[in-house]
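What follows is a set of notes on a single structure, which appears directly below.
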Amino acid sequence: MIRLIRAEFTKLATTRLIYGMAAVMAAFALLTVAANILDRQGAPPLSADSFPMFVAAPVTLLSGAALLLGILGMAGEFRHQTVTQTFLVTPDRGRVVAAKLVAYPLAGIALALVILAFTAAVATGWLTAKGITPSLLDARLGRVLLGAVLAAGLCGLVGVGVAALVRNQVAALVGVAVWVLLVEGLLMSLLNAPSLGKWLPSAAAAALTNPGGAGLSRLAGTLLLAGYGLALALAGTRLVVRRDIT
């Protein structure tokens with residue numbers, strides 16, 4: 001299994017996907033920090049207490065990036081027809097999918113930590129230049145990092161599970177976007193149950209970075225999103241094992 005996981009990391013490192021994502025996330029983080037510092041209309045004065053908020057700015061986008069990474073990592077094999085060679089080298093398809101279920105959440109976490117470190121460095125330098133010394137030992141910063149790691153890892157898991165179920169890369173990407181932007185809202189409207197919203201995947205993911213904001217604690221959000229991810233992973237693995245790959 002370790003060999004298969006290492007192979008997945010090698011595939012990822014030899015493509016431009018992860019580097020392109022990192023560049024986009026870094027640019028977004030830089031712009032966000034600049035906007036928050038330069039445009040203070042109606043906002044409290046800058047202080048060391050502003051630091052965790054600046055670092056947390058790209059967390060939601062990083063969760064989306066981890067989800068995208070998981071989808072592309074799994075569905076990309078089918079799109080580019082490399083899945084045939086992969087399964088010829090490792091006929092046990094379940095182990096291949098399991099390796100992806102480990103590798104891509106870890107890659108999402110690594111991406112999140114790198115971008116958050118970059119964001120923290122930019123925010124620290126900018127605040128220091130204004131005579132403000134932020135604390136890296138702030139408990140709120142620790143909560144930001146915890147939420148980001150949990151969200152990135154679990155969203156990466158969900159991404160691989162969705163792609164294993166759908167296989168088609170475009171369909172998986174469009175399906176996730178439609179679910180988040182349209183289907184969840186329609187479900188709550190049709191069932192006339194606004195309280196249902198907190199049990200849906202988007203609310204579970206939001207609870208990791210904003211505990212209580214979606215009506216769930218961070219622990220509840222973690223368990224719920226992990227449940228969704230594991231259910232998709234199990235169903236997707238079963239289909240990949242049983243279906244023809246062509």
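The values are calculated or read from the model by the stated rules, or taken from the named source; none is laboratory data. Quick caveat, the model's predicted, so the values are computed rather than measured. Cβ atoms come from the backbone with ideal geometry, glycine included; neighbour counts cover every protein chain shown. Heads up: the accessible areas ignore ligands, DNA and RNA and are worked out on the full protein's heavy atoms, side chains in. Shrake-Rupley method; radii C 1.70, N 1.55, O 1.52, S 1.80 Å.
Things to note:
- Where a residue in the stretch 157-180 is under 12 Å from LEU101 (Cβ atoms) and its partner, wherever it lies, is of a type in the set (Ser, Thr, Tyr) and modelled with pLDDT under 90, with Cβ under 8 Å and at least six apart: ALA164/THR237
- Cβ-Cβ contacts under 8 Å between residues 6 or more apart (or on different chains), taken from a first residue in the stretch 77-95 that is in contact (Cβ under 8 Å) with a residue 12 or more places away in the chain to a second residue that is of a type in the set (A, V, I, L, M) and open to solvent by less than 20 Å² (accessible area, probe 1.4 Å), are listed as PHE87/VAL96; THR90/LEU4; THR90/VAL96; ARG93/VAL240; GLY94/VAL240; ARG95/LEU4.
- Residue match in the stretch 139-150 (condition: under 22 Å from ILE115 (Cβ atoms), of a type in the set (D, E, K, R) and open to solvent by 50 Å² or more (accessible area, probe 1.4 Å)): yes
- Matching residues in the stretch 114-143 - criterion: being touching a Phe, Trp or Tyr at 6+ places or on another chain (Cβ under 9 Å), touching a residue at least 24 places away in the same chain (Cβ under 8 Å) and not charged (D, E, K, R): ILE115, THR119, ALA120, VAL122, ALA123, THR124, TRP126, LEU127, ILE132, PRO134, SER135, LEU141
- Output for the stretch 110-123, where each listed residue is in contact with a helix residue (DSSP H, G or I) (Cβ under 8 Å, 6 or more places away or on another chain) and open to solvent by 40 Å² or more (accessible area, probe 1.4 Å): LEU113, VAL114, PHE118
- When residues in the stretch 124-135 are screened for being at pLDDT below 85 and of a type in the set (S, T, N, Q), 2 of them pass.
- Any hit, the stretch 27-45, residues being without any contact (Cβ under 8 Å) to a residue 12 or more places away in the chain, open to solvent by less than 90 Å² (accessible area, probe 1.4 Å), β-branched (Val, Ile, Thr) and within 26 Å of LEU106 (Cβ to Cβ): no
- Of the criteria (1) under 21 Å from the mean Cα position of the chain (by Cα); (2) among the aliphatic types (A, V, I, L, M); (3) at pLDDT 90 or above, which one ALA121 fails: (1)
- The set of residues in the stretch 168-186 being open to solvent by 50 Å² or more (accessible area, probe 1.4 Å) and not hydrophobic (A, V, I, L, M, F, W, C) consists of ASN168 alone.
- The residue that is surrounded by the most Cβ atoms within 10 Å (Cβ to Cβ), among those in the stretch 46-100 that are of a type in the set (Phe, Trp, Tyr) and over 30 Å from ASN36 (Cα atoms), is PHE78.
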